[in-house]
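Structure, as structure tokens:
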Ligand code: XIL
């Protein structure tokens, strides 16, 4: 299905449309060659690696103030491959005084994440809540201008560092109306949301642009239908929207319901990615966590899950103990259920047709890696390592390295800039200063490790530089 199937006869316009064509071309190319590649079935042992093996991410909200807590960062660095700033990218944090932007705390989080191969979701550019005081008291065209300037400035500042933005957060009303929430932004005119998306598109044409909300999980709810109708309308009119975020704060008043999967797949059928963006569940029942993950895995365009904090003590709803780790950092039963559901789930189909407009431009000139025999590295101190291609997606690919000759090994692998390793499994990675050379050490998980490389336009196969027995 293409955007034009929704009744729009105009050609897609603007930077996003151009990106979509290139991405579609790359996806088609990748899909074509992926059909000839073997896939791996090794189970991951951390949330991020298990999700990455299935073409998805597993993220968490991060508070800059907690980055000095060693127990916190140990879990963060081990388990997650996507990060959302819990408060540090909100309007009150990034523009505390009008026209004076402040990015220190946000950058701390972005740098922590990106230097370790994690990606970043931006949260959030426009919202009725957590506005700076100067904005709260504004209205009319002055507010509209200030909001658009904020979107432009912040999206421009983080261009290239944020894979997806919650452009607009929580703009729909609770209850039975199915309409917009009253707010100072809404009172600037009903088109404020699309204006924000167009400004974000112009500022960062490559970031995925999402609408994000809560209480939109139950397919029968008026609010869910209201958001659905807006997204359908945006797709029909060519408003640049790529994804819908479901906060999914589940509790006794707003419980998980079994039609959640219908909600996710119905939105996906509009031609957007869907993501679970702020998951927490009162009491953290393992069965409910399992169901949520299974629902996402059942929808090919559900490409990531983010929990809203790491340990219960980090949660904004700490008394509900809604997260995957106890306050002492130990894994809860819900953690095991989530990990198993990720490992048991299907991979995003690599042979799926491009979901955007078919390519009308020439495919990229850089050829993807071929299925040539695996690289044989120069012999190291008593071991050897061979690298094989495995699953491939439109923007990234997995590689698998098999080590022989030693059980305690250390393998050095290089990727080609601007490639970046975004996830690893079955080994302990460390990076050199450039971030392009990874040393993977055995961690007791056996003699096969794997990693995901974000292609960033370059599909060269990573190279094994050495294997050393220790
Ligand atoms: C919450 C943070 O977790 C708290 O620290 C803060 O005090 C209030 O905001 N929906 C959202 C998130 O989109 O930004 C909110 O985060 C939780 C609800």
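Using Cβ counts within 10 Å as a stand-in for footprinting exposure, how do 221, 150, 128, 123 rank, fewest first?
On the way: 221 20, 150 23, 128 17, 123 26.
Ranking 221, 150, 128, 123 by Cβ neighbours within 10 Å, fewest first, gives 128, 221, 150, 123.
Between residue 149 and residue 445, what length comes free when the chain is fully extended (0.36 nm per residue of separation minus the Cα-Cα distance, one decimal in nm)?
Details: separation 296, 0.36 × 296 = 106.56 nm, distance 4.98 nm.
Extra length from residue 149 to residue 445 when fully extended: 101.6 nm.
Can you put 396, 56 in order, fewest other beta carbons within 10 Å first? Don't skip to the answer; put the middle values down first.
Values: 396 21, 56 26.
By the 10 Å Cβ count, ascending: 396, 56.
First check a/c for segment 107-226, with a ≥ b ≥ c the square roots of the eigenvalues of its C-alpha gyration tensor; if it is under 1.5, answer rounded, and if not, answer prolate when a/b is larger than b/c or oblate otherwise. Don't skip to the end; give the middle numbers.
Working: a/c = 2.06, a/b = 1.32, b/c = 1.56.
It is oblate, given that a/c is not under 1.5 and a/b is not larger than b/c.
Would you mind getting me the FRET efficiency between residue 437 and residue 70? Use the beta-carbon distance for r and R0 = 30 Å, nearest 0.05. Please list the in-between numbers first.
Working: r = 26 Å, r/R0 = 0.85.
So the FRET efficiency works out to roughly 0.70.
Can you give me the C-alpha center-to-center distance between segment 219-270 and segment 404-439, rounded to a whole angstrom?
38 Å
Jot down the radius of gyration and Dmax of segment 246-316, Cα atoms only, both in angstrom.
Values for segment 246-316 (Cα only, Rg and Dmax): 12.0, 38 Å.
Taking the simple approach of a point 7 Å from Cα along Cα-to-Cβ for both residue 414 and residue 316, what is their distance in nm?
Once both label points are built, they end up 4.5 nm from each other.
I'd like to compare 200-207, 427-434: which one has the highest average count of other Cβ atoms within 10 Å, and what's the full order after that? Can you show the working numbers first?
Working: 200-207: 21.8, 427-434: 14.0.
Top to bottom by mean Cβ count within 10 Å: 200-207, 427-434.
Quick note: the coordinates plus some simple rules give every number you see, no bench work behind them. What you see is a predicted model, and the numbers here were worked out from it, not measured in a lab. Every residue, glycine among them, receives a Cβ derived from its backbone with ideal geometry; neighbour counts consider all protein chains shown.
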